[in-house]
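The values are calculated or read from the model by the stated rules, or taken from the named source; none is laboratory data. What you see is a predicted model; the values in this text were computed from it and never measured. In this analysis, Cβ positions are derived from the backbone assuming ideal geometry, glycine residues included, and neighbour counts consider all displayed protein chains. Side chains are part of the model used for accessible areas, which takes the heavy atoms of the whole protein and leaves out ligands, DNA and RNA. Shrake-Rupley method; radii C 1.70, N 1.55, O 1.52, S 1.80 Å.
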Amino acid sequence: MSVGLLAVVDDILSAALKASAKSAGVVIDDAAVTPQYVQGLTPARELPVVGRIALGSLANKFLIIIPIALLLTAFAPWVLPWLLIVGGTYLCFEGAEKVLEWFGFHHGHEEEGARDEKRLVAGAIRTDLILSTEIMLIGLSNIDPGLGFWMRLAVLVLIALAMTALVYGAVALLVKLDDIGLKMAKNPSERVRHTGTRIVRSMPAVFRVISIIGTVAMLWVGGHLVLANLGEVGWHAPIDLLHGVEHALEPWGPVIVWIGDTLISAIAGLAVGLVIVGVVLVIGKAFGKNLSFAEGHDSPSA
């Protein structure tokens, strides 16, 4: 490999690492949200479903997000904030649906066999589209504008591959931890058996926590997308309020600022989501449809 090519590869890797670091929070959200979609499946189907969602995530990135992002950045950058508002609103809607499910607000009745894989995968890929869009746009915004088109494209491709592998590798490990624990529980070593038993017993609680984290993450990311991008399109009051709270909390340190930002964004996301749920239900009633909140996933209490 020539020195020139090595230098190009090094530039691409450096740019990708710099851009990816800014997306870390959304990557964590994505990894927390996805396991909800495979809860309740038979162990033999968990990894195949995660694989199908991962392939859908790659399709989202390579067939939709990267081409559209590059085109809009070049020819219509003013459209991007509106797309992020729509995506954030959808995340708020999804998060609000889950919160309502926790409190027993269901519309319609689903049979036990209704959690079919097609619906699970479709719901997960739709949610991934929004989160992946945020990851890729954050990455794009942190790429050196001096890089040429092909270098920027190479950086985005690297980010897409790395983030997909990271998120869905973590998801695959999470959903198979109980099987790993069962195998450990049959080990001849008493210490290994005890560890395996503890893993198996802890998994229901782990998935309940993941479900809650995933829902809060959707509301947080969705709410922040809406607040920030409303400012980008001309309505500055919501994001100014958020910045005002951040400045007021600065004397208590960056952790408290982050908690305050997250809390306000999540509350705003829940408010937006509940409004959209109400609108959807009213429209459903108008057309004589009894809509269900279930998207192929269970509430934490299930």
- Message: Run the simple label-point estimate for M151 and A237 please: 7 Å along Cα→C-beta, distance reported in nm.
- Response: 4.4 nm
- Karplus-derived HN-Hα couplings along region 217-225 (A = 6.51, B = -1.76, C = 1.60, θ = phi - 60°), whole Hz, x at Gly and Pro: 4, 4, 5, 5, 5, x, x, 5, 4
- Determine Rg/Rh for region 191-292; Rg is computed over alpha-carbon atoms and Rh is the Kirkwood hydrodynamic estimate from the same atoms. 1.18
- Message: Normalised by the empirical 2.2 N^0.38 Å for globular proteins, what value does the Cα Rg of region 56-102 take?
- Response: 1.47
- Item | Binned Cα-Cα distances of region 159-233, short to long, each 10 Å bin given as a whole percent | 17, 28, 28, 16, 7, 3, 0
- Could you pull out the pairs from K98/K285; K61/K183; K176/K285; K98/K183 whose alpha carbons sit more than 30 Å apart here? K61/K183; K176/K285; K98/K183
- Could you give the alpha-carbon Rg of region 194-234 over 2.2 N^0.38 Å, rounded to two decimals? 1.94
- Message: Kirkwood hydrodynamic radius, computed over distinct alpha-carbon pairs, for region 43-174: how many Å, to one decimal?
- Response: 16.6 Å
- Sequence order, region 208-215: Karplus ³J(HN,Hα) from phi using 6.51 cos²θ - 1.76 cosθ + 1.60, θ = phi - 60°, Hz rounded, Gly and Pro as x, gives 5, 5, 4, 4, 5, 4, x, 5
- Could you state the accessible area per residue of region 116-213 in Å², with a 1.4 Å probe and every protein chain left in place? 52 Å²
